[in-house]
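**Student:** Dropping the structure in here first, questions after.
The values are calculated or read from the model by the stated rules, or taken from the named source; none is laboratory data. What you are looking at is a predicted structure, and each value in this text was computed from that prediction instead of being measured. Every residue, glycine as well, gets a Cβ built from its backbone with ideal geometry; the counts of neighbours run over all protein chains shown. SASA here: full protein model, heavy atoms, side chains in, ligands and nucleic acids out. Shrake-Rupley method; radii C 1.70, N 1.55, O 1.52, S 1.80 Å.
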Amino acid sequence: MISRTVTHSEGGKRLHRYLRNLLPNIPLGQIYKMIDQGQVKVNGKRKKQNYEIISGDELTLYMEEEAYKKAGDGPEKKPKFSGVSTQIDVIYEDAELLVVSKPVGMLTHPDQIEQKDTLITRVHAYLYRKGELDSQLFQPASANRLDRNTSGLVLIGKTAGMLHQLNQWIQKREMEKFYVTIVEGKLTGRSSISGTLVRDESNNKTRVVAPSQVPDTSVKEMEAVTKYEALQVGTGYTLVEVELISGRTHQIRTHFQSIGHSLLGDIKYGGKAVAEVNYQLLHAWKIVMPDGRIFTAPVPELFSQMLRLKGITYSFQ
């Protein structure tokens, strides 16, 4: 008989998903069978597969310790973060949610080239050193992702329940996400850009195409809408606030290129480099949550410098 207490960060998961993470070497079908046959109890009682566990629940598994070890990945080990920076720009934090502002040049998640110094590894190290990384079955994760050279707000679910809630809000488009950028040329008023987007993985670029150029089964998945409001016109450039209605890869960059107003510095999508800026000048500056909370992140100093350089004096509130 194996007993285990659900930690704070694990709360909010469905029972079968929790057991799938706890016992990765057991097929999901067998986990369902264990639950149905009463080999798993929560607080001494049988529960259904979709029971949502909460922090403090006591799980009892009726299996031999040796079988438990084989079904898992061995004894749990505390993660180590030697040499990983804990420096992050915290905008908001509570027991379940962490909102940070990502700097330009940093990956949100590790990739094949950079494994150690990314936003999420810094977040993990930060929480570990605070004593809040209490489980290897659940690792805090971001609900939204920004490109390396896009700065601004990233939402981190510190618990499984909060991460699920954030993902639901995003999928149902109940969360409002606003960016600011500087685009080439003059734009005025409010408008929107629509277009079907397709990715070319060979060059990591997105382009706008006619719906007829996309297989019928995937047209709807590639549709994208970008709303924008011109905030102030400067010398050859316009400061624009952008609201993402859909969230496709490189959507903002592709859409503004498609209407002849590439982002300042975005040479990949037709823009011109300005001073040392040879990447998209794009900042995720505001998120409005369905529960009424509003988070904002000040624009980076380099963004402010480009505003001054182009004669734009707009003050963010």
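**Student:** Against the conditions (1) crowded, with 21+ Cβ neighbours inside 10 Å; (2) in contact with a helix residue (DSSP H, G or I) (Cβ under 8 Å, 6 or more places away or on another chain), where does GLY247 fall short? Just the number, please.
**Tutor:** Result: GLY247 passes all but (1).
**Student:** Within the range 153-193, how many residues are open to solvent by less than 20 Å² (accessible area, probe 1.4 Å) and part of a strand (DSSP E or B)?
**Tutor:** Qualifying residue count for the region: 10.
**Student:** Tell me yes or no: at least one residue of the range 81-90 is open to solvent by 70 Å² or more (accessible area, probe 1.4 Å) and at pLDDT 90 or above.
**Tutor:** Yes, the range 81-90 contains at least one residue that is open to solvent by 70 Å² or more (accessible area, probe 1.4 Å) and at pLDDT 90 or above.
**Student:** Let me ask something else. Restricting the search to the range 1-55, which residues are aliphatic (A, V, I, L, M) and modelled with pLDDT under 85? Break it down into steps so the answer makes sense when it comes.
**Tutor:** Going through the range 1-55, the residues aliphatic (A, V, I, L, M) turn out to be 1-2, 6, 15, 19, 22-23, 26, 28, 31, 34-35, 40, 42, 53-54.
Listed by number, the list holds a single entry, MET1.
**Student:** Within the range 205-224, can one find any residue that is open to solvent by less than 70 Å² (accessible area, probe 1.4 Å), modelled with pLDDT of 90 or more, closer than 30 Å to LEU309 by Cα and touching a helix residue (DSSP H, G or I) at 6+ places or on another chain (Cβ under 8 Å)? Please lay out each step first, then the result.
**Tutor:** Narrowing the range 205-224 to residues open to solvent by less than 70 Å² (accessible area, probe 1.4 Å): 205-206, 208-210, 214, 218-219, 222, 224.
Checking which are modelled with pLDDT of 90 or more leaves us with none.
No, the range 205-224 contains no residue that is open to solvent by less than 70 Å² (accessible area, probe 1.4 Å), modelled with pLDDT of 90 or more, closer than 30 Å to LEU309 by Cα and touching a helix residue (DSSP H, G or I) at 6+ places or on another chain (Cβ under 8 Å).
**Student:** Being in contact with a Pro (Cβ under 6 Å, 6 or more places away or on another chain), in contact (Cβ under 8 Å) with a residue 24 or more places away in the chain and surrounded by 21 or more Cβ atoms within 10 Å (Cβ to Cβ), is that true of even one residue in the range 142-152? Before the answer, list the steps.
**Tutor:** Of the residues in the range 142-152, the ones in contact with a Pro (Cβ under 6 Å, 6 or more places away or on another chain) are 151.
After this cut, where a residue has to be in contact (Cβ under 8 Å) with a residue 24 or more places away in the chain as well, the list is 151.
Filter once more, keeping what is surrounded by 21 or more Cβ atoms within 10 Å (Cβ to Cβ): 151.
The answer is yes, given that some residue of the range 142-152 is in contact with a Pro (Cβ under 6 Å, 6 or more places away or on another chain), in contact (Cβ under 8 Å) with a residue 24 or more places away in the chain and surrounded by 21 or more Cβ atoms within 10 Å (Cβ to Cβ).
**Student:** For the range 179-189, does any single residue satisfy the condition of being over 20 Å from MET222 (Cα atoms), free of Cβ contacts under 8 Å to residues at least 60 places away in the same chain and hydroxyl-bearing (Ser, Thr, Tyr)? Outline the logic, then answer.
**Tutor:** Let us first name the residues in the range 179-189 that are over 20 Å from MET222 (Cα atoms), namely 179-189.
When the remaining residues are screened for being free of Cβ contacts under 8 Å to residues at least 60 places away in the same chain, the result is 186, 188-189.
Then keep just the ones that are hydroxyl-bearing (Ser, Thr, Tyr); that gives 188.
Yes.
**Student:** Hey, among ALA160, ALA125, which residue is under 21 Å from the mean Cα position of the chain (by Cα) and farther than 25 Å from SER82 by Cα?
**Tutor:** Details: ALA125 fails: farther than 25 Å from SER82 by Cα.
Answer to the check: ALA160.
**Student:** Further, regarding this structure: Working only within the range 273-284, note down all residues that are touching a strand residue (DSSP E or B) at 6+ places or on another chain (Cβ under 7 Å) and either loosely packed, with under 15 Cβ neighbours inside 10 Å or in a loop (DSSP other than H, G, I, E, B) (or both).
**Tutor:** Within the range 273-284, the first condition is being touching a strand residue (DSSP E or B) at 6+ places or on another chain (Cβ under 7 Å), and the residues that meet it are 280-284.
Answer for the range 273-284, where residues must be touching a strand residue (DSSP E or B) at 6+ places or on another chain (Cβ under 7 Å) and either loosely packed, with under 15 Cβ neighbours inside 10 Å or in a loop (DSSP other than H, G, I, E, B) (or both): GLN280, LEU281.
**Student:** Sort through ILE287, ILE312 and tell me the only one that's under 28 Å from MET175 (Cα atoms), of a type outside the set (Lys, Arg) and not in a helix (DSSP H, G or I).
**Tutor:** On the way: ILE312 fails: under 28 Å from MET175 (Cα atoms).
ILE287 is the lone residue from the list that is under 28 Å from MET175 (Cα atoms), of a type outside the set (Lys, Arg) and not in a helix (DSSP H, G or I).
**Student:** Here's a follow-up. Quick check on this structure: which one of GLU65, GLU93 is under 28 Å from PRO300 (Cα atoms) and either over 19 Å from the mean Cα position of the chain (by Cα) or of a type in the set (Asp, Glu) (or both)?
**Tutor:** Values: GLU65 fails: under 28 Å from PRO300 (Cα atoms).
Criteria check complete, one pass: GLU93.
**Student:** Now a separate question. Filter the range 2-36 down to the residues that are under 23 Å from ASP134 (Cβ atoms), of a type outside the set (S, T, N, Q) and open to solvent by 70 Å² or more (accessible area, probe 1.4 Å) and list them by number.
**Tutor:** The answer is HIS8, ARG14, ARG17, ARG20.
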